[in-house]
1. As an exercise, use a Förster radius of 30 Å and the Cβ-Cβ distance of Leu29 and Glu166 to find the FRET efficiency, rounded to the nearest 0.05.
2. Based on the Cβ-Cβ distance from Ile281 to Val58, what FRET efficiency comes out when R0 is 25 Å, to the nearest 0.05?
3. Long-range amide H contacts for Asn170: which residues qualify at under 5 Å (H placed 1.01 Å from N, peptide plane, sequence gap of 5 or more or a different chain)?
4. Could you compute the longest span of the chain free of GluC sites (Glu not before Pro) located in DSSP loops and having at most 10 other Cβ atoms within 10 Å, not counting the site residues?
5. Here are several values of P(r) over Cα pairs in 10 Å bins from 0, in percent: (i) 4, 16, 24, 26, 20, 9, 2, 0; (ii) 4, 20, 30, 28, 14, 4, 0; (iii) 4, 17, 24, 24, 17, 9, 4, 1, 0. Which one was derived from the coordinates shown?
6. Leaving out ligands, DNA and RNA, what percent of the accessible area of the chain is carbon and sulfur, probe 1.4 Å?
7. What whole-number value in Å² describes the accessible area per residue of the chain for a 1.4 Å probe?
8. With the cut-off at 31 Å, tell me which of the pairs Lys357/Lys428; Lys68/Lys294; Lys68/Lys374; Lys76/Lys374 have Cα atoms farther apart than that.
Amino acid sequence: MENGVGKNKLVHDVLLKLAKLLNLILVVLPFAWVWRDFYHQEMIDPYHGMGNYAILLVFLGLYYFYVKTYDGFMVKIAKISDLIYSQFLAVVITDVILYAISWLLVRHFPVIWPMLITIIVQLFFISVWSYGIHKWYFATYPARKTIIIYDSKEITEEMFSDYGLEARFNIVESISIDDWVNNEKIPNGTEVIFLANIHSHERNQIIKMAVAKGIQVFMLPRIGDVIMSGARRIHMLHLPVMELHRYAPKREYLFVKRMFDILVSGIALIILAPLMILVSIIIKLTDHGPIFYKQVRLTQNGREFGVLKFRSMRTDAEKDGVARLSTGAKDPRVTPIGRFMRKVRIDELPQLINILKGDMTIVGPRPERPEIAKQYEETLPEFGLRLQAKAGLTGYAQVYGKYNTTPYNKLEMDLMYIANPSILEDLKIMFATVKILFIPESTEGVAEGQTTAKKK
């Protein structure tokens, strides 16, 4: 049986790799055409042979990097629309970079219409590929028999349906951990197990049984699990040991990160100055109030600082003195121009000044208001663990969560970032931030009547 499973997995993996290779070929062909027939010929000293292949390899490398960053090959999980959006964003960024390279090589502003046609053709190929691979995959590999074992009903059949996961997972049973402990038996035919916040003792028993039976496990971690993910593996007294400590990245990393912050925020302020001036004028003309809004937030080790934003709400938004999050697009406190700014995150641009000053960094846990953080800590004392690192303009929870993500899940995601700090991870989060700028769900507000993201 194990050999059969292994062979099936090998065939599955090979077919998926071939499908991804087809995607790369379909996307690079239109660019190869535009490079050969337009931009290559305009060079003063055109490339021959290997030079042209090198340009195509640069294109493929960049596209593959971005499509992986935006999860554009997650056929097993993503919707067709998600595949198309992720790949299209990746190919547009890649085309823009290669167009800029062409500009440098031909030494004058190259015609843009061939590149625009290329993008349209690439979008067509991406759409056909995404639709075809999705239909083929789930016709060949139908939804797997799945059971959910939960401590509290945080994952339900309805949530699977809301996220379009019913095509991937056929939920045959939901079992409370108490019922499982009384039985300690995985139903026959189970292919996947979802563990929803199960405590370590019971969870370890289930995982060991699942691994022994070749059953795939998905696990919603607890806070301790996320902290453990950053453990350093060492050997002591001939025994395997896992070393844990507070956030303490290497000084070289912190130095490079700070230099990067200064360079990027400085350049961004210069490039975005015309846009920021235009936004300032519009705010002043349409609302007649102050342009900027300064709000007390928390950064590393609980230090308070004034975060700077374009004002997107009425000046009396909190006239009752209660700190509250926005309820989203229908929040009556948000001004018309504020609604647009929040949608595309323009209101956050003045925080580049905070980064230049050193109050914030580009990538890190998003800064929370002291009043709201205090409310979260009443039921979640661990929430302060986010403050191990300096607050960021964007972050792990910002990219993979939403504005109204619960404090518990926000803490878990930020701890995932804190557990494994690296420049590469910072770059990945920065690039991934571009993706969420155009996803409305990422700015979804809290429910009416709520002042924070805590679930009632």
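The values are calculated or read from the model by the stated rules, or taken from the named source; none is laboratory data. Predicted model only: the values in this text are computed from it and were never measured. Because the Cβ atoms are built from the backbone with ideal geometry, glycine has one as well, and the counts that use them run over all protein chains shown. Accessible surface areas use protein heavy atoms only, side chains included; no ligands, DNA or RNA. Shrake-Rupley method; radii C 1.70, N 1.55, O 1.52, S 1.80 Å.
1. Between Leu29 and Glu166 the formula returns 0.30.
2. Using R0 = 25 Å, I get an efficiency of 0.05.
3. Arg144, Lys145, Thr146
4. 185-447
5. Only one option fits the structure, namely (i).
6. Result for the chain: 64 percent of the exposed heavy-atom area is carbon or sulfur.
7. With the other protein chains kept in place, the chain gives 55 Å² per residue.
8. The pairs that break the limit, which is 31 Å between Cα atoms, are Lys68/Lys294; Lys68/Lys374; Lys76/Lys374.
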